[in-house]
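Student: Quick one: this structure, given as structure tokens, is what I'll be asking you about.
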Amino acid sequence: MSTDRDVSPSARADAAHGGLVVDENRMRKLAFASIASTVLEWFDFLVYSTAAALVFGPLFFPTLGGVQGTLASFATLAVGFVARPLGGVLAGHVGDRYGRKVPLVGSMLLMGVATFVVGLLPTYDTAGMWAPVLLVIARIVQGLGVGAQWGGAAMLLVEHAPVAKRGFYGSLVNTGTILGAVLGNGFFLLLTALVPADSFEAWGWRIPFLSGLVLVVVGIYVQLKIEESPVFTELRHASSAAAQRAGVRKAPVGQAIRLYWRQILQAIAAFFVVNGTFYIFISGILDYGTKTLGLDRTPMLLVVMLAGLTQVVTIPVFGALSDRLGRKRIYLAGAVAMAVAGFPMFWLIDTGSLLWLGVALVVGFTIHASMFGCQTAMYAEMFPADVRLSGASLGFQVASVLAGGLAPMITTALVAASGGSSAVSLYIIAMAAVTFAGVSTIRERFQRDLYAVSSDRTDGAA
């Protein structure tokens with residue numbers, strides 16, 4: 001059995017007394033670097049979600065029109081999610097063998113180039129069918145980039161956090177995801193407020209994509225500085241040593257699938273309702289509110305952005321709470337709460353009131369945060385070091401395809417078919433049931449250090 005006990009004797013001694021002793025100042029710098037990379041990466045990835053809901057349909061699929069154009073737009077959004085597992089596989093292979101820096105920086109390069117290209121793409125009126133083809137290609141590259149980034153940033157933090165704060169530090173990476181989404185929505189909000197509608201559809205939508213390249217350059221600079229950190233250097237050496245002691249590890253992803261397939265399936269199920277509802281909240285409801293309820297675009301963006309901003313507080317709070325109460329208990333409660341709230345949230349949204357829409361989204365985002373805040377630490381505790389990035393990335397990214405990537409498109413199709421929101425509520429309940437079933441089988445390890453965790457039997461028992 002592979003282990004992650006390949007660290008220095010001093011680190012092992014610290015681990016035996018409740019986790020690594022980490023300099024708080026270094027830990028804060030490491031946290032800042034990981035959050036910054038995540039914010040920038042997800043800003044680029046998620047501005048696409050907003051653009052897909054607002055403008056990509058008429059610009060790239062004008063011959064379809066109406067619901068069909070929106071579905072085609074959301075289909076290009078889903079394509080990026082399909083590419084994410086491949087990005088996670090590549091990052092896991094490199095990161096589990098050579099450390100976390102290469103996949104982190106490489107992912108940001110991919111994302112920066114692809115996002116910048118989207119901002120330069122010709123529309124259907126200019127290039128005909130080549131326009132949507134090029135859009136899909138750029139989105140695939142975006143998917144590879146974001147698929148490679150999350151695992152490296154997440155494992156970098158949790159592998160160095162002390163046991164008593166692993167949930168909190170792990171939650172900060174997911175907080176960066178939310179900040180990226182809020183910044184993306186905020187950018188579009190500013191543009192829709194300052195730029196006339198005709199100008200926005202002609203050229204204004206391109207600005208967030210073009211500016212993404214500048215943000216990624218800053219992120220790459222931050223990531224390059226991580227190499228000088230003793231914490232990062234120790235992690236890279238520990239990861240390489242673990243691979244050598246475990247034997248031949250030419251393909252850590254294959255090793256993860258062969259030995260830890262149960263944990264990967266559990267991780268996929270755990271992320272199902274978390275990822276699915278997130279994209280319903282930030283993208284599907286934008287389309288539903290503007291097209292079905294007739295709400296104005298700018299106030300809708302503002303409400304979604306402000307409601308999502310609450311997670312900057314709630315995700316770390318639930319991450320810290322999981323350090324005291326355990327990941328599993330909070331996660332299961334979150335899955336139940338999301339199922340219970342499935343219908344009431346849309347009852348409030350269907351009033352057509354921006355106030356009640358905001359209340360519904362705050363409730364939904366808070367329940368979402370209860371699970372998202374625990375998730376990174378829980379994933380890390382499910383896998384040993386030499387396959388940790390591969391296993392966690394596979395669980396995260398495969399679920400993103402099955403749940404998140406399809407959620408806006410499924411939401412639009414359900415509303416079109418049923419004429420209302422009830423089918424969407426049932427869809428949320430079904431995803432919550434998948435998550436509850438998966439998490440209920442996970443073995444709780446929240447008070448174990450990561451060196452002892454690998455000595456446990458890995459049969460997936462609760």
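Student: Considering only residues that are closer than 18 Å to Glu24 by Cβ and open to solvent by 10 Å² or more (accessible area, probe 1.4 Å), which ones fall in the stretch 170-188?
Tutor: Leu172
Student: Separate question: Is one or more of the residues making up the stretch 313-322 more than 23 Å from Ala154 (Cα to Cα) and without any contact (Cβ under 8 Å) to a residue 60 or more places away in the chain?
Tutor: No, the stretch 313-322 contains no residue that is more than 23 Å from Ala154 (Cα to Cα) and without any contact (Cβ under 8 Å) to a residue 60 or more places away in the chain.
Student: Another question, then. For the subset of the stretch 100-128 comprising residues that are of a type in the set (D, E, K, R) and part of a helix (DSSP H, G or I), which member is farthest from Met382 (Cα to Cα)?
Tutor: Out of the qualifying residues, it is Asp125.
Student: Right, something else. Does the stretch 280-302 contain at least one residue that is without any contact (Cβ under 8 Å) to a residue 24 or more places away in the chain and of a type in the set (A, V, I, L, M, F, W, C)?
Tutor: No, because not a single residue in the stretch 280-302 is without any contact (Cβ under 8 Å) to a residue 24 or more places away in the chain and of a type in the set (A, V, I, L, M, F, W, C).
Student: Quick check on the stretch 337-383: of everything there that is among the polar types (S, T, N, Q) and in contact (Cβ under 8 Å) with a residue 24 or more places away in the chain, which residue is most open to solvent (accessible area, probe 1.4 Å)?
Tutor: Here the answer is Thr366.
Student: For the stretch 330-383, what are the residues that are part of a loop (DSSP other than H, G, I, E, B) and of a type outside the set (A, V, I, L, M)?
Tutor: Hits for the stretch 330-383 are Asp350, Thr351, Gly352, Ser353, Glu381, Phe383.
Student: So, Leu215, is that one at pLDDT below 90, buried (at least 16 other Cβ atoms within 10 Å of the Cβ) and closer than 29 Å to Ile315 by Cβ or not?
Tutor: Considered against the rule, which asks whether it is at pLDDT below 90, buried (at least 16 other Cβ atoms within 10 Å of the Cβ) and closer than 29 Å to Ile315 by Cβ, Leu215 comes out as yes.
Student: List pairs: first residue in the stretch 384-398 and assigned to a loop (DSSP other than H, G, I, E, B), second residue at pLDDT below 85 and among the acidic types (Asp, Glu) anywhere in the structure, Cβ distance under 6 angstrom, at least six positions apart or on different chains.
Tutor: Pro384/Asp4
Student: Of the residues Ala131, Ala202, Ala138, Ala193, which single one is over 17 Å from Ile282 (Cα atoms), in a helix (DSSP H, G or I), open to solvent by 10 Å² or more (accessible area, probe 1.4 Å) and at pLDDT 85 or above?
Tutor: Only one candidate qualifies: Ala202.
Student: Looking only at the stretch 293-334, count how many residues are of a type in the set (Val, Ile, Thr) and surrounded by fewer than 19 Cβ atoms within 10 Å (Cβ to Cβ).
Tutor: Of the residues in that region, 5 qualify.
Student: Among Leu120, Leu156, Leu144, which is the only one that is touching a Lys or Arg at 6+ places or on another chain (Cβ under 8 Å) and open to solvent by less than 10 Å² (accessible area, probe 1.4 Å)?
Tutor: So the residue among Leu120, Leu156, Leu144 that is touching a Lys or Arg at 6+ places or on another chain (Cβ under 8 Å) and open to solvent by less than 10 Å² (accessible area, probe 1.4 Å) is Leu156.
Student: Here's a follow-up. Restrict the check to the stretch 79-101 and report whether at least one residue is at positive phi and at pLDDT 85 or above.
Tutor: no
The values are calculated or read from the model by the stated rules, or taken from the named source; none is laboratory data. This one's a predicted model, so the numbers in the text were calculated from it and none came from an experiment. All Cβ positions, even for glycine, are placed from backbone atoms using ideal geometry, and neighbour counts span all protein chains on display. Heavy atoms of the whole protein, side chains included, go into the accessibility calculation; ligands, DNA and RNA do not. Shrake-Rupley method; radii C 1.70, N 1.55, O 1.52, S 1.80 Å.
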